[in-house]
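One structure is given here, and the rest of the page talks about it.
The values are calculated or read from the model by the stated rules, or taken from the named source; none is laboratory data. Note that this is a predicted model, so its numbers are computed, not measured. Glycine also receives a Cβ, built like all others from the backbone with ideal geometry; neighbour counts cover every protein chain displayed. Surface accessibility is based on the protein's heavy atoms, side chains included, excluding ligands, DNA and RNA. Shrake-Rupley method; radii C 1.70, N 1.55, O 1.52, S 1.80 Å.
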Amino acid sequence: MAKRVVTFEIFRHNPLDPDSKPRMQPFVLEETPRMTLFTALTKIREELDPSLKFDFVCRAAVCGSCAMLVNGKPRLACRTRVEELPDRTTLFPLPFFKLVGDLSVDTGSWFREMGARVQSWVHTMEQFNPALEERMSNEKAIAVYELDRCIECGCCVAACATAQMRPDFLGPAGLLRVARFVADPRDQRTSINAFDVVKTDEGIFGCVGFLACHDSCPKNLSLATQLAYLRRKFMLTGVGIGKDSKDHHNISQTVELSAR
Amino acid sequence: MTTIFTDVLVIGAGLAGERAAVEAALRGRKAILLSLVPPRRSHSVAAQGGMQAALGNMVMSKGDSPDVHFEDTVKGSDWGCDQDVARLFVTLAPVAVRQMSHWGVPWSRVEPGPRKLADGRVIEEEKEKEGLIAARDFGGTKKWRACFASDGTGHSLVYTMDNMVLQLGVTVHDRVEALALIHDGQRCFGAIVQDLRTGELRTYLARATIIATGGYGRIFGHSTNAVINEGTGMALAQDTGVVPLGNMEAVQFHPTGIVPGDILVSEACRGDGGYLLDKDEHRFMPDYEPAKKELASRDVVSRRMMQHILLGKGIESPYGTHLWLDIRHLGKKHIDSNLREVADICRTFLGVDPVTQPIPVRPTQHYSMGGVRTNIGCRAYGLAGLYAAGEAGCWDMHGFNRLGGNSVAETVVTGMVVGRQVAVDLEAPAVACTEKLAQDTLKQVEERIRRLAASEGLVAVHAVKKRMGEVLTEKVGIFRNGKNLSEAVEELQELLEMSRHIGLRTGVGRGANPELSAALRLPGMLRLAVTIAYGALQRTESRGSHFREDYPRRDDKNWLKRTLATWPAGADKPVLNYEPVVITDLPPGERGYGEMQLKPQKEPAHG
């Protein structure tokens, strides 16, 4: 069988070069079995154009470096198999994030700032005791882990309608980070007011509920559920219910009570 | 020109580098982390298996202690490690695990009650241990000791560590690359660093400089490592001409890299009861290793696999010969929860469903036991003010073979140790760097870039890099012999010479330039490659992962010592010296390679 020839139309631009104009450049490759966009782009850089900028690190879908728009949709390039793609494919850098050049964007700086804004760490007054092991149920540990699985690839933010309209939006990833610490029994931010930034339009109330984030997450994280949970929680807090508690169970009881 | 001053400069922001910066910050020192990529994208996130620490909470960990962990580590190293270092490591590892828990890692926990093991035995976890940190079985240890966070141990550790970096306000400069250390032959004063966003050079002056850049896997071409693992920090140290690299010939191969792609599938597959099968779907490991079977040490399993392939029992494919890893019998529920990342990798990158199909695997370069030689406090030999931690360093707890899960534990533990050491050393009066020294180093780097930009050489970076990987994989791989190693040294030296005639195809414009970065890195990578091959050629014995067909036995009389390789300026190969290993408790004994004689039938073939 004749091997398929695929064309990649790739966005090229160097924002630091005053002479650079954004343009599309086609690259033609012969498809090989089990070729991924990692294999393809590496081949293009090695054999056709060594100046092409893109970001791969783990090439195994765990580091979150290589998100880009593949035929208009945010995806991890490393886990995109070329056999799933049509004969012509367009590749754009992720929108929203600052362009470094070509397909490379600065997701790192944005996520770092987000981490600082939501104070992405366990807030505790407990001192570490090297001889003591605190206990946690395995169920709880797994629940926290599930909320800690985000790889900061930026696909959800790139897909988010609110993020395109307001640059200060925490984004689905930022809100998920909040949910991760709300769920963590070691975090002593019991009062919901500790999560100040979340209860504004920069936070959960900026979300318009299109949920493209949920559909774009390469890790299949439960973004829809978590956004709904945070919205309900902070709405109830807004009317004075359950504001001193961050416990799921109490909140659902509160919801039942208030529904009567 | 920007000059940035700090107490502590950490080059590399994976687990070891970040833990070091956290320790320095907790002790009131200003630290700056430099990283090629955002820290959360470091190769540390890829660690799937676990972090070894003797907590002894499981039924299968009963009787575990730092002593038993020590014994496993020393035996695993084939007595090539420093035993005082191994002792310090096993003592600190449990503290490190509990501290990571305190900082937020959601370690998987003990669930009381009965459960069935893969071999049919039923065990019952104790009620009184409920909720304590759990552990699982992981290649080559006597007790279950690998603490894990579901299927993403490395990810959880990195995210938690970087949360600490955020909390403590440690400065992070990402997308930068250190290109030269500033030193006067006695002391290191920092580094000249390129901003990979803009191409600009900056000078960082520091009282302590810590190299934590991970391993060099990518010089092998085929490697389970992330594409950024090119040994840049080791090369920086070697370029000083005064800092020796330790045991560079000690290279670990992981038994199960997928074919094609070389992505690692975790030891946990075999730990949880996976089998290795040949082309007849015969489970062959019990034939070679009746006791440990698939769970023998990595180097043993890798060699048995290659040996079996050389007997003609492998499966042919367009990407070379491979074997099967079979986890089908573990069941969909187990695979989709405990081995989810593995299942994800197989489905996504291979189109293979491990619930119904076996996984194509072969041994692949995985870990660098060698690195920047340091003392037990992670201080580099040869230059005051220079330190190394994690895979980039060689304080030497791994010797000639590293146990699964000991590397993750090592990153955190060395980070603690080096952070403490630096804090102590900074109590001494500061030694100032002369302005001339910093300027001269900067000028040398500028000159290298200018020369590359102006070069009309016809050699392409990629072609040299590709050949380097082929030579290493074919001749400095799992089975080594004198003839192949001599050829490898010679050819790698030729490639090093060729690298002087590299011409850039894209020129040096404004902003980042991936071709320039690759060209700047290449000579250092080639020097590492020569150092590995030359060290392996000289070491006429087999020890741990270093296996010589022509010298198949360990030779304690002549080789119970560590290689120290220094590369003087202008030389075409390193100068090798040797030092004795530290033995405190455990005299050299039998490591256990199984009963069968290891004898490959013909030259190894690699795809």
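Just a few scattered comments:
- Hits in the stretch B:197-229 - residues which are of a type in the set (A, V, I, L, M) and either without any contact (Cβ under 8 Å) to a residue 60 or more places away in the chain or within 12 Å of another protein chain (Cβ to nearest Cβ) (or both): B:Ala226, B:Val227, B:Ile228
- Considering only residues in the stretch A:39-56 that are surrounded by 17 or more Cβ atoms within 10 Å (Cβ to Cβ) and more than 9 Å from every other protein chain (Cβ to nearest Cβ), the one that is nearest to B:Tyr319 (Cα to Cα) turns out to be A:Ala40.
- Restricting the stretch B:56-102 to residues that are part of a helix (DSSP H, G or I) and basic (Lys, Arg), the residue that is nearest to B:Arg543 (Cα to Cα) is B:Lys75.
- The helices (runs of 4 or more DSSP H) falling completely within the stretch A:139-196 that include 2 or more residues that are within 14 Å of another protein chain (Cβ to nearest Cβ) map to A:171-183.
- Residues of the stretch A:33-59 that are under 26 Å from B:Gly257 (Cα atoms) and in a loop (DSSP other than H, G, I, E, B): A:Pro33, A:Arg34, A:Met35, A:Phe54, A:Asp55, A:Phe56, A:Val57, A:Cys58, A:Arg59.
- Those residues of the stretch A:86-111 which are over 17 Å from A:Cys66 (Cα atoms) and touching an Asp or Glu at 6+ places or on another chain (Cβ under 9 Å), in sequence order: A:Arg88
- Enumeration of residues in the stretch A:40-72 that are in contact with a strand residue (DSSP E or B) (Cβ under 9 Å, 6 or more places away or on another chain), among the aliphatic types (A, V, I, L, M) and on the phi < 0 side of the Ramachandran plot: A:Ala40, A:Leu41, A:Ile44, A:Leu48, A:Leu52, A:Ala60, A:Ala67, A:Met68, A:Leu69, A:Val70
- Per-region count, the stretch B:138-163, residues part of a loop (DSSP other than H, G, I, E, B), among the hydroxyl-bearing types (Ser, Thr, Tyr) and facing chain A (nearest Cβ under 8 Å): 1
- If you filter the stretch A:173-194 down to residues that are open to solvent by 10 Å² or more (accessible area, probe 1.4 Å) and modelled with pLDDT under 90, you find that the one that is farthest from A:Leu227 (Cα to Cα) is A:Gln188.
- If only residues of the stretch A:112-121 that are open to solvent by less than 10 Å² (accessible area, probe 1.4 Å) and facing chain B (nearest Cβ under 7 Å) are counted, the one that is nearest to A:Gly171 (Cα to Cα) is A:Gly115.
- Pairs where the first residue, in the stretch A:57-83, is more than 15 Å from B:His43 (Cα to Cα) and at the interface with chain B (Cβ under 7 Å from one of its Cβ atoms) and the second is open to solvent by less than 10 Å² (accessible area, probe 1.4 Å) and assigned to a loop (DSSP other than H, G, I, E, B), C-beta under 7 Å, 6+ apart: A:Arg79/A:Ala61
- Yes/no for B:Gly185 being crowded, with 24+ Cβ neighbours inside 10 Å and either more than 9 Å from chain A (Cβ to nearest Cβ) or in a strand (DSSP E or B) (or both): no
- Among the numbered conditions (1) away from chain A (no Cβ under 14 Å); (2) aliphatic (A, V, I, L, M); (3) touching a strand residue (DSSP E or B) at 6+ places or on another chain (Cβ under 8 Å), the only one that B:Leu537 does not meet is (3).
- Just one of the listed residues (A:Thr36, A:Thr124) is open to solvent by less than 60 Å² (accessible area, probe 1.4 Å), facing chain B (nearest Cβ under 9 Å) and more than 25 Å from B:Thr171 (Cα to Cα), namely A:Thr36.
- Qualifying residue in the stretch A:16-32 (condition: facing chain B (nearest Cβ under 10 Å), farther than 20 Å from B:Val37 by Cβ and either in a strand (DSSP E or B) or touching a residue at least 12 places away in the same chain (Cβ under 8 Å) (or both)): yes
- Top-ranked residue of the stretch B:164-177 - restricted to ones that are assigned to a strand (DSSP E or B) and aliphatic (A, V, I, L, M), ranked as most open to solvent (accessible area, probe 1.4 Å): B:Val172
Matching residues to (1) over 25 Å from A:Glu46 (Cα atoms); (2) open to solvent by less than 10 Å² (accessible area, probe 1.4 Å); (3) at pLDDT 95 or above; (4) touching an Asp or Glu at 6+ places or on another chain (Cβ under 8 Å):
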| site | (1), (2), (3), (4) |
| --- | --- |
| B:Leu472 | no, yes, yes, no |
| B:Leu485 | yes, yes, yes, no |
| B:Leu492 | no, yes, yes, no |
| B:Leu504 | no, no, no, yes |
| B:Asn513 | no, no, no, no |
| B:Glu541 | yes, yes, yes, yes |
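- Hey, B:Ala25 part of a loop (DSSP other than H, G, I, E, B), modelled with pLDDT of 95 or more and within 14 Å of chain A (Cβ to nearest Cβ) or not: no
- The residues of the stretch B:37-81 that are more than 10 Å from chain A (Cβ to nearest Cβ), among the charged types (D, E, K, R) and more than 27 Å from B:Lys557 (Cα to Cα), listed by number, are B:Lys62, B:Asp64.
- Qualifying residues in the stretch B:110-125 (those that are within 27 Å of B:Val408 (Cα to Cα) and either in contact with a Cys (Cβ under 6 Å, 6 or more places away or on another chain) or in contact (Cβ under 8 Å) with a residue 40 or more places away in the chain (or both)) - the one nearest to the other protein chains (Cβ to nearest Cβ): B:Val110
- The set of residues in the stretch A:127-160 that are in contact with a strand residue (DSSP E or B) (Cβ under 7 Å, 6 or more places away or on another chain) and either crowded, with 16+ Cβ neighbours inside 10 Å or in contact (Cβ under 8 Å) with a residue 12 or more places away in the chain (or both) comprises A:Glu133, A:Met136, A:Asn138, A:Ala141, A:Cys153, A:Gly154, A:Cys155, A:Ala158, A:Ala159.
- Selection of the stretch A:17-44 for residues being within 20 Å of A:Arg88 (Cβ to Cβ) and of a type in the set (D, E, K, R) yields A:Arg23, A:Glu30, A:Glu31, A:Lys43.
- The residues of the stretch B:444-497 that are among the β-branched types (Val, Ile, Thr) and more than 14 Å from chain A (Cβ to nearest Cβ), listed by number, are B:Val445, B:Ile449, B:Val471, B:Thr473, B:Val476, B:Ile478, B:Val489.
- Test: residue in the stretch B:371-387 that is within 25 Å of B:Ser302 (Cβ to Cβ) and modelled with pLDDT of 95 or more: yes
Rundown of residues vs (1) at negative phi; (2) among the aromatic types (Phe, Trp, Tyr); (3) open to solvent by 30 Å² or more (accessible area, probe 1.4 Å), yes/no style:
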| position | (1), (2), (3) |
| --- | --- |
| B:Val110 | yes, no, no |
| B:Leu117 | yes, no, no |
| B:Val122 | yes, no, yes |
| B:Lys127 | yes, no, yes |
| B:Trp144 | yes, yes, yes |
| B:Ser150 | no, no, no |
| B:Gly154 | yes, no, no |
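- Qualifying positions in the stretch B:164-186 - touching a residue at least 12 places away in the same chain (Cβ under 8 Å), in contact with a helix residue (DSSP H, G or I) (Cβ under 7 Å, 6 or more places away or on another chain) and closer than 30 Å to B:Trp107 by Cβ: B:Met164, B:Val165, B:Leu168, B:Val170, B:Val172, B:Asp174
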